[in-house]
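The values are calculated or read from the model by the stated rules, or taken from the named source; none is laboratory data. Treat the numbers as computed from the prediction; the structure is a model and nothing was measured. With ideal geometry, Cβ positions are generated from the backbone for all residues, glycine too; neighbour counts draw on all protein chains shown. The accessibility values were calculated without ligands, DNA or RNA, using every heavy atom of the protein model including side chains. Shrake-Rupley method; radii C 1.70, N 1.55, O 1.52, S 1.80 Å.
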Amino acid sequence: MDESFSAAGAKFPDGQPSDAWTVEELLHWSLDQYQNKAIEQTAQHVASLREQCEKECEDVMTLHKTAVEMAKSGKTVGSEEENLNPQSLDPEEEGGAKPAAAAGGASAGAKAASSVEVQLTVGPHAGSKYLLRPRPGAPCLLGRSKGKKFVRNGVSLHKDQEVSTTHGKFLAEAGEEGGMAFYFVDVGSTNGTTCGGEALEPNKRVALEDGMELRLGNSAFTVVLG
């Protein structure tokens, strides 16, 4: 057997092609290079898909945990107030309300209110509005999911592929004068959420202020407390 061949069964010599190689040896060497490159790219794609699958599984488990918490609080899908269709909201019917300037102190987040209006200003859902009424123990979910909890009483940004399946949630606590204090929590999304150019810490609630803008994925929305 010719020892100049790189391995048993190889059909071309070791090293890089040279003028001494035959056309057949050059063709076999080229095919071997393409095969090695294909194997490497396939391995990279498999690793990427595995990582994406693991993240989606985490999102599903987060949604499941939220559903269990809501079930323990005695809330059911049928008992939740259905969210208004964002396409049916007319600015004139809403009184032409415009977001006020964001307040500076944390105390502004505790403003007595009964609802949170999410006004999409940037992204594939720009122009849509969602009227949310989170209650203690019954948060409103936000994410790419088209599940009932997002469509009925939350925010479904299903056209924004950079938003996680379950990206965040709106929380409520009993506030002063019989109103509610509202908060937003990024539940550990893939691409995160920013407010005022600063990234929100995962699983840490942020008090919502009237006029506050949050950015996530390819979208941005303004908060209007009512």
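Could you pull out the pairs from Lys146/Lys169; Lys72/Lys169; Lys159/Lys204; Lys72/Lys129; Lys11/Lys37 whose alpha carbons sit more than 20 Å apart here?
On the way: Lys146/Lys169 15 Å; Lys72/Lys169 17 Å; Lys159/Lys204 26 Å; Lys72/Lys129 29 Å; Lys11/Lys37 18 Å.
Result: Lys159/Lys204; Lys72/Lys129 exceed 20 Å.
For the range 186-194, 3J(HN,Hα) computed residue by residue from phi via the Karplus equation (6.51, -1.76, 1.60; θ = phi - 60°) reads 7, 7, x, 5, 5, 9, x, 9, 10 Hz, glycine and proline entered as x. Write out the trypsin sites (Lys or Arg not before Pro) in the range 111-152 meeting two conditions: DSSP loop, and at most 11 other Cβ atoms within 10 Å of their Cβ. Those that pass, being in a loop and sparsely packed, are Lys146.
Using the alpha-carbon positions of the range 11-70, Rg (one decimal) and Dmax (whole number) come out as 23.2, 75 Å.
Nearest 0.05, what FRET efficiency do Ala126 and Lys148 give at R0 = 25 Å with Cβ-Cβ as r? Computed FRET efficiency for Ala126 and Lys148 comes out at 0.55. In a fully extended conformation the segment linking Val46 and His28 would gain 3.8 nm over its present Cα-Cα distance, using 0.36 nm per residue.
Computed 3J(HN,Hα) for the range 24-37, one whole-Hz value per residue from the Karplus formula 6.51 cos²θ - 1.76 cosθ + 1.60 where θ = phi - 60°, is 5, 5, 5, 5, 5, 5, 4, 4, 5, 5, 4, 5, 4, 5, glycine and proline marked x.
Counting protein heavy atoms only, the range 109-226 has 47 percent of its accessible area on carbon and sulfur, 1.4 angstrom probe.
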